[in-house]
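Trainee: Attaching a single structure in structure tokens format; questions to follow.
The values are calculated or read from the model by the stated rules, or taken from the named source; none is laboratory data. Everything numeric in this text was worked out from a predicted model, so none of it was measured. Cβ coordinates were reconstructed from backbone atoms using ideal geometry, including for glycine residues, and neighbour counts include every protein chain displayed. Surface accessibility is based on the protein's heavy atoms, side chains included, excluding ligands, DNA and RNA. Shrake-Rupley method; radii C 1.70, N 1.55, O 1.52, S 1.80 Å.
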Amino acid sequence: MSFLGGSVHDAAQRAADILAVLLPRAGNRLAPGSPGERGAVIEVLETHGEPPPVDLSPAGIEGLRQAALELREVFTAGNLATAADRINGLLAGRAHPPRLTTHGGASGWHLHVDSGDDAPWGEWLLTSSALALAVLLAERQAPPAGICASPTCGRPFVNIGRGSARRYCSAACGTRQRVAAHRQVNRGTAMKG
């Protein structure tokens, strides 16, 4: 289980991708506890650097789901102070002193704030993601993440740009919502005329 073997953004994006798989939202069609859900979680973990085969039990998935529920509070914070308070709460309640590890030489040196190399999946996700989101918040002085405002999506995303806070997970979702709003206005105008 790696934390900052890549970048802080990678660790935060991994959290967003896990939330997208494990939490209910408009665009998530995976049934909780299904083989498809387990496969999707393993795919996210491997995509973000976990070496295959990923050993993930039903209890491990439930631990990740609980961590995702708690991390979602940061993604839904809405403003800087609330995001900081929520991240501080997660770190204060769960994080251990930072330590460097190579997992017995299996990877390069990277940072962990969980209880040990054999920490449960949920503890690892929660602590590593909270630390990554904290670093992003401090670097940008803005909320580090959000939930897509599109009612047909709701996908979690990481804020990395320097501009104003994003409302949508992608340009496609933003465009789809602008087009829908434009059509709604045109329908209203056509009905009046």
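Trainee: Output the qualifying pairs, or none if there are none: Cβ atoms under 6 angstrom, residues six or more apart or on different chains, first residue in segment 16-36 and assigned to a helix (DSSP H, G or I), second residue of a type outside the set (A, V, I, L, M) and open to solvent by less than 50 Å² (accessible area, probe 1.4 Å).
Mentor: Correct list of pairs: Ala16/Pro156; Ala16/Phe157; Leu19/Pro156; Ala20/Pro156; Leu22/Arg65.
Trainee: Condition check: buried (at least 16 other Cβ atoms within 10 Å of the Cβ), in contact (Cβ under 8 Å) with a residue 60 or more places away in the chain and either assigned to a loop (DSSP other than H, G, I, E, B) or over 14 Å from the mean Cα position of the chain (by Cα) (or both). Does Ala119 satisfy that?
Mentor: Values: buried (at least 16 other Cβ atoms within 10 Å of the Cβ): yes; in contact (Cβ under 8 Å) with a residue 60 or more places away in the chain: yes; either assigned to a loop (DSSP other than H, G, I, E, B) or over 14 Å from the mean Cα position of the chain (by Cα) (or both): yes.
In short, yes.
Trainee: Report, by residue number, each residue of segment 123-151 that is open to solvent by 10 Å² or more (accessible area, probe 1.4 Å), under 18 Å from Gly89 (Cα atoms), in a helix (DSSP H, G or I) and not aliphatic (A, V, I, L, M).
Mentor: Answer for segment 123-151, where residues must be open to solvent by 10 Å² or more (accessible area, probe 1.4 Å), under 18 Å from Gly89 (Cα atoms), in a helix (DSSP H, G or I) and not aliphatic (A, V, I, L, M): just Glu123.
Trainee: Still on this structure: Here are the criteria: (1) buried (at least 21 other Cβ atoms within 10 Å of the Cβ); (2) polar (S, T, N, Q); (3) without any contact (Cβ under 8 Å) to a residue 40 or more places away in the chain. Tell me which single one Thr101 does not satisfy.
Mentor: (1)
Trainee: Right, here's the next one. What tally of residues in segment 118-161 results from selecting those that are at pLDDT 95 or above and among the hydroxyl-bearing types (Ser, Thr, Tyr)?
Mentor: Selection size over segment 118-161: 3.
Trainee: Could I ask something else about it? Take the conditions touching a Ser or Thr at 6+ places or on another chain (Cβ under 6 Å), of a type in the set (A, V, I, L, M), surrounded by 20 or more Cβ atoms within 10 Å (Cβ to Cβ) and at pLDDT 95 or above and apply them to Leu19. Does it pass?
Mentor: Details: touching a Ser or Thr at 6+ places or on another chain (Cβ under 6 Å): no; of a type in the set (A, V, I, L, M): yes; surrounded by 20 or more Cβ atoms within 10 Å (Cβ to Cβ): yes; at pLDDT 95 or above: yes.
No, not satisfied.
Trainee: For segment 57-92, which positions are modelled with pLDDT of 95 or more and assigned to a loop (DSSP other than H, G, I, E, B)?
Mentor: Listed by number, the residues that qualify are Ser57, Thr76, Ala77.
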